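Q: For reference, the structure I am asking about is given below.
Values in this text are rule-based calculations from the coordinates and carry no lab data. Everything numeric in this text was worked out from a predicted model, so none of it was measured. Note that each Cβ is placed from the backbone with ideal geometry, even for glycine, and that neighbours are counted across all protein chains shown.
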Number of protein chains: 2
Amino acid sequence: MTRTRTSSRRGRRNVSADTKQSAIRQLPFRAVKNPYPPFQIVSADELEAIHLASVRVLEEIGVKVQDARSLNLLKGLGADVDPETEIVKFDRALIDEVMTGLPSEFTIHARNPEKTLTVGGNNLTFATVCGPSFISDLDHGRRAGTIEDVRNFVKLAHSLNIYHHEGGAGLEPLDLPPESRHLDMMHAQLTLTDKAWHPCWLNSAKRARDCIEMGRIALGVSAEEMAERPAFIAGINTNSPLVLDSAMADGLIEMALAGQPVHVTPFTLAGAMSPATIEGSLVQQNAEVLAGVAVAQAARKGCPVFYGHFTSNVDMRSGSPAFGTPEYAKSVMVSAQLARRYGIPIRSSNTTASPVVDAQAAYESDMSCWSCVLSHVNVMMHAGGWLEGGLVCSFEKLILDAEILQSLSAMLDPLVFNEDNMGFDAMTEVGPGGHFFGAAHTLSRYKTAFYEPILSDWRNFEAWKEDGARTATERANRIWKTLLEEYEQPSIDPAVVEELDEYVTKRKEEIVANGE
Amino acid sequence: MTRTRTSSRRGRRNVSADTKQSAIRQLPFRAVKNPYPPFQIVSADELEAIHLASVRVLEEIGVKVQDARSLNLLKGLGADVDPETEIVKFDRALIDEVMTGLPSEFTIHARNPEKTLTVGGNNLTFATVCGPSFISDLDHGRRAGTIEDVRNFVKLAHSLNIYHHEGGAGLEPLDLPPESRHLDMMHAQLTLTDKAWHPCWLNSAKRARDCIEMGRIALGVSAEEMAERPAFIAGINTNSPLVLDSAMADGLIEMALAGQPVHVTPFTLAGAMSPATIEGSLVQQNAEVLAGVAVAQAARKGCPVFYGHFTSNVDMRSGSPAFGTPEYAKSVMVSAQLARRYGIPIRSSNTTASPVVDAQAAYESDMSCWSCVLSHVNVMMHAGGWLEGGLVCSFEKLILDAEILQSLSAMLDPLVFNEDNMGFDAMTEVGPGGHFFGAAHTLSRYKTAFYEPILSDWRNFEAWKEDGARTATERANRIWKTLLEEYEQPSIDPAVVEELDEYVTKRKEEIVANGE
């Protein structure tokens, strides 16, 4: 038992990406599980009250579905569809039917089989940010993102072992045309990392199909194989309150048809897009998730789906969105309980509203991460690099988040109270008033005894000051630069790259010709 | 139910210290309870294994007690005392006897009865830092502490409502003579805040008695009344491994005799003062706590005691202490389980090793605070202002910690799933695609809907930039200055101040004459 533990501890340390020697010490790529029961803040009765209230919303108010294909699918499912108003109402029997028999756990196949992920249960998956239009680092400040920033971000997402999943290219390359930039983003994602991916853009059927097809090429599988062995975690947002638009519906349906796990994530910012209470926002969120899952299940019964959590609130003084707040933490915890009620995995996020990588960015991200980890959120999207309410992707924040997540993952490694670890012999050897530095018990484990940080500076003040008195954010700047310098592209068959290149070229020509 | 909630929410906001109008918005002074079950990471069997291993340490290795009075007390209790080696051994029956019938909850009486505290159960008490020799702020950097810094710190501890307890004067005034500075520190504590106190120095019987006597004067009670109505939370450290020295024993015994709750806190830094495992350090910590509690109980059976947690680890590369680590979090959680096993309250701390108030300071403090809050730590010492492993007291950190603790306290306010909060009518009013800003449901609660931060900046990037692009630490600097400007001394009977002045003068004369 002791030997197993020692070796597992040794295995956890000083291993850089791809096991080559690195100047940056970090934990190895490994699955993270929360071995403790989920933290639950509402009773079974309260959970049922939320479910019933959201079913009442679907029965009496309904959801506006601005998408012909979805309206047809929902009609086929038995929902009450009004083609004039596009309002769809669901009765509770239908909701129960939709939510029955959904997969509670599934496998996401990475290009590198060692990075294949299990999603569901007590597994935690950390994915890097996606969506921002701005990039920020200490050298060049906050600026519009470019494809070079995307490529660097994906390289960093690849190099930082704590991120299990490349979460969607990191940011928008605003230097490329909007109608075809998803092709360049996917190309970067598929070739620069061998971790599993989040497709960057699902806001049209064609774009979604491009992502799926490029993923298929990268994996060297058939469409049928890919549907059986999902490779993406994909997701869409509803247009809260209670609207599903056609762009989002397209992405949802295409992913469902392709057998890729998809999360339906309402954009419920309490006080703006949902009621000015977390309780009401959770009811609305739940209604929108149920409606979205119904669309996916109508497209392909039994397809893997996630519960999507994003509920936070706006600052009622300014209207600004607030993230990583106490309200956010509570909404994560209740959402995870709801997801377990339905027997499906849940995604949430590591969020902050801070405009800069500072103490606020850390404590708001900590509020997000702790509540996700405690409540068994399965996929933490935006887990690395999110800043300023998701408007900005920050390279320094990506390193800060890596430290926060590494620490939390180490906290989840259980203590082992065996004779050797409890150290009676060491205490006998050292005795009252002695010192443990030189004890045999210490020497046998000093290299692997404790968590080693990637970012924290524990030197004394004088040593820290002489070395430049750098803040954590300044140190993070050096770390990502070192990782970029050390980056080596994971091996990929040149024929696959060629096929991807050809696909991108062909599709860009079509887009220039046809508009999409 | 709704009305109660609305009014309780209103009561939580925009109330400054002493209810006068302040430029700094903060939550009011209020008790904080954790309504959820404690987070537990070891089984009952594992907990028993720790207890039994620590009893074995006390039976077979013993504790060195470098104090004649304690040796006598322990002999009287039935321990096996070797006067030559000063080694004391305890058998398990004696330990069981010592640990039986101890108070699990007690009241700490503040000078202002509204700030009287209940300690134990699911109550959380946040106390400001004590002990550092250095003070730090953005204006003057890191420097030796002075009595003026002490006074300013106590004023801030008074002004920040989230701190329930003035934790021990904040720092050492190195401009005053060491033999009498405790008198000036206590004078500041007793006169500049009406919150309950932690006596600043217990490292001799005379100093401990000075603290008790000055507290008694400030409260205007007799010694007997004070013993029945404790006013202090006091504490001592053991000299780990397995030593109790006479200075610490003096403080412990005097506080026990005076009926003041006292914590026995081993200084177990794994790899240096305890085995290089958290498991072994917890065993040793537990043995030292049990021995210290035995001394206190021998002095006054049934006197209120705390379980003292401080176990962290050293960085095995540099020997530097590490704080706010995954190991620290786990040791907090197990220690709280041990305290509950013995039926006594527990104290821990809000720690960080960061040399500067930055993201590291925030995430290490968060690791500390989350683990304390989740595991039902009753008194969080050093909850505000601790920096650099406790060497430095930081004014900006005091504000950062206030935000972290306020947020956590708000997270512990339960959600209430009644009809009004669940907002069905609001969703009906707004409908799909609408906006909640102007809804009646929103307007009726927009002033009190959500947590309002003391430090976080949620404005958009442009507004933040135009206002000086200040980091959280820079904003914290402005906040403490505003609070100091606004500070008003809480009312105190001038006769009491005169009596305290006279006591200090008299004792300083004695100290000059007699050395103590």
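Q: So, by mean Cβ neighbours within 10 angstrom, what's the order for B:152-158, A:365-371 with the highest one leading?
A: Ranked by mean Cβ neighbours within 10 Å, highest first: A:365-371, B:152-158.
Q: Hey, any idea what Rg/Rh is for the range A:53-153, computing Rh the Kirkwood way over Cα pairs?
A: Taking Rg over the Kirkwood Rh, I get 1.16.
Q: Now for a different question. Check cross-link reach from A:Lys508 to the lysines: straight Cα distance under 16 Å, and skip same-chain residues fewer than eight apart.
A: A:Lys206
Q: Over all directions, the average projected area of the alpha-carbon convex hull for chain B comes to how many nm²?
A: One quarter of the hull surface, i.e. the mean projection, equals 26.7 nm².
Q: Can you list residues whose amide H is under 5 Å from A:Arg30's amide H, if they're 5+ apart or on another chain and H is modeled 1.01 Å from N?
A: none
Q: Would you compute, from DSSP H runs of 4+ residues alone, the mean residue ellipticity of chain B at 222 nm, taking -39500 (n - 2.57) per run and dividing by the full residue count, rounded to the nearest 500?
A: After summing the helix terms and dividing by residue count, I get -13500 deg cm²/dmol.
Q: I want to verify the translational diffusion coefficient of the range B:361-516 in µm²/s; compute it with Stokes-Einstein, Rh as the Kirkwood radius over Cα pairs, at 25 °C and 0.890 mPa s.
A: Stokes-Einstein gives a translational diffusion coefficient of 119 µm²/s.
Q: What whole-number distance in Å separates the alpha-carbon centres of the range A:372-447 and the range B:378-415?
A: 21 Å
Q: Within a 10 angstrom radius of each residue's Cβ in B:316-324, how many Cβ atoms of other chains show up on average? Whole number is fine.
A: 4
Q: Under the Karplus relation 6.51 cos²θ - 1.76 cosθ + 1.60, θ = phi - 60°, what is the ordered set of whole-Hz ³J(HN,Hα) values for the range B:135-145, x standing for Gly and Pro?
A: With the stated coefficients, the range B:135-145 comes to 10, 9, 8, 5, 6, 10, x, 8, 7, 5, x Hz.
Q: In sequence order, what are the phi-derived ³J(HN,Hα) couplings for the range A:262-277 according to the Karplus relation 6.51 cos²θ - 1.76 cosθ + 1.60 with θ = phi - 60°, rounded to whole Hz, with x for glycine and proline?
A: So the J values, rounded to whole Hz, are 9, 9, 10, 10, x, 9, 9, 8, 4, x, 10, 9, 7, x, 7, 9.
Q: Does the range A:150-236 classify as rounded, prolate or oblate by the C-alpha gyration tensor (a ≥ b ≥ c root eigenvalues; a/c under 1.5 gives rounded; else a/b over b/c gives prolate, otherwise oblate)?
A: Oblate shape, in that a/c is at least 1.5 and b/c is the bigger or equal ratio.
Q: In straight Cα distance, which lysines are under 19 Å from A:Lys195, not counting same-chain residues fewer than 8 positions off?
A: Those lysines meeting the cut-off are A:Lys20, A:Lys33, A:Lys115, A:Lys155.
Q: Using mean Cβ contacts within 10 Å as the protection proxy, how do A:375-385, A:80-90 order, highest first?
A: Sorting A:375-385, A:80-90 by mean packing, highest first, produces A:375-385, A:80-90.
Q: Let me ask another. Translational diffusion coefficient, Stokes-Einstein: compute it for the range B:145-297 using the Kirkwood radius over C-alpha pairs as Rh, at 4 °C and 1.567 mPa s, and state it as an integer in µm² s⁻¹.
A: Using the Kirkwood radius from Cα pairs, D works out to 80 µm²/s.
Q: Starting from a label point 7 Å past Cα on the Cβ side, list the distances from B:Gly220 to the same position in the other copies, nm, shortest first.
A: 8.7
Q: What are the residues whose amide H is under 5 Å from the amide H of A:Thr125, where those residues sit 5 or more places off or on another chain and H is modelled from the backbone?
A: Amide H neighbours of A:Thr125: A:Val379, A:Met380.
Q: To continue, here is another question. Let me know the shape class of the range A:328-417, please: from the alpha-carbon gyration tensor, a ≥ b ≥ c as square roots of the eigenvalues, rounded when a/c is under 1.5, otherwise prolate if a/b is greater than b/c, or oblate.
A: It is oblate, given that a/c is not under 1.5 and a/b is not larger than b/c.
Q: Another question about this same structure. Quick check for me: using +1 on Lys/Arg Cβ and -1 on Asp/Glu Cβ, what's the dipole size of the range B:42-103 about its Cα centre, in debye to the nearest 20?
A: 240 debye
Q: Evaluate the relative contact order of the range B:147-286 (contact order divided by residue number), counting alpha-carbon pairs under 8 angstrom at least 6 apart; express in whole percent.
A: Value for the range B:147-286: 19 percent.
Q: Using only alpha carbon pairs under 8 Å that are at least six residues apart, calculate the relative contact order of chain A and give it in whole percent.
A: The value is 18 percent.
Q: In angstroms, what radius of gyration and Dmax does the range A:426-516 have, counting Cα atoms only?
A: Using the Cα atoms of the range A:426-516, the pair Rg, Dmax is 26.4, 82 Å.
Q: Could you sort A:447-456, A:116-125 so that the peptide with the highest average Cβ count within 10 Å comes first and the rest follow in order?
A: Going from most to least packed, we get A:447-456, A:116-125.
Q: Just round it to a whole percent: the fraction of Cα-Cα distances in the range B:430-476 exceeding 18 Å.
A: Everything past 18 Å amounts to 53 percent.
Q: Quote the Stokes-Einstein diffusion coefficient, in whole µm² s⁻¹, for the protein assembly as shown, based on the Kirkwood radius over alpha carbon pairs, a temperature of 37 °C and a viscosity of 0.692 mPa s.
A: Answer from the Stokes-Einstein relation: 110 µm²/s.
Q: Okay, moving on. Can you tell me the 0 to 90 degree angle between the C-alpha axis of helix A:494-514 and the longest principal axis of chain A, rounded to 10?
A: Here the helix axis deviates by roughly 40 degrees.
Q: Enter the mean number of other protein chain beta carbons within 10 Å of the beta carbon of each residue in B:370-376, as an integer.
A: Other-chain Cβ atoms within 10 Å of each residue's Cβ, averaged: 2.
Q: Give me the inter-chain shielding for B:36-42: mean count of other chain Cβ atoms within 10 Å, whole number please.
A: So the per-residue partner count for this stretch is 3.
Q: Which aspartates and glutamates, if any, have their Cα less than 14 Å from the Cα of B:Lys447, not counting same-chain residues under 8 positions apart?
A: Those aspartates and glutamates meeting the cut-off are A:Asp315.
Q: Okay, next question. Across the range A:444-451, in residue order, what do the Karplus-derived ³J(HN,Hα) couplings come to in whole Hz, using 6.51 cos²θ - 1.76 cosθ + 1.60 with θ = phi - 60° and x for Gly and Pro?
A: Each residue of the range A:444-451 in turn: 6, 9, 5, 6, 10, 5, 10, 4 Hz.
Q: Semi-axes, largest first, in whole Å: what does sqrt of 5 times each Cα gyration tensor eigenvalue give for the range B:207-297?
A: 31, 11, 10
Q: Scan around B:Leu244 for amide H atoms under 5 Å from its own, H built in the peptide plane at 1.01 Å from N, and keep only partners 5 or more places away or cross-chain.
A: For B:Leu244, whose amide H was placed from the backbone, the distant partners under 5 Å are B:Lys64, B:Val65, B:Gln66, B:Asn239.
Q: Let me ask another. In whole angstrom, how far apart do the alpha carbon centroids of the range A:211-251 and the range B:448-516 sit?
A: 55 Å
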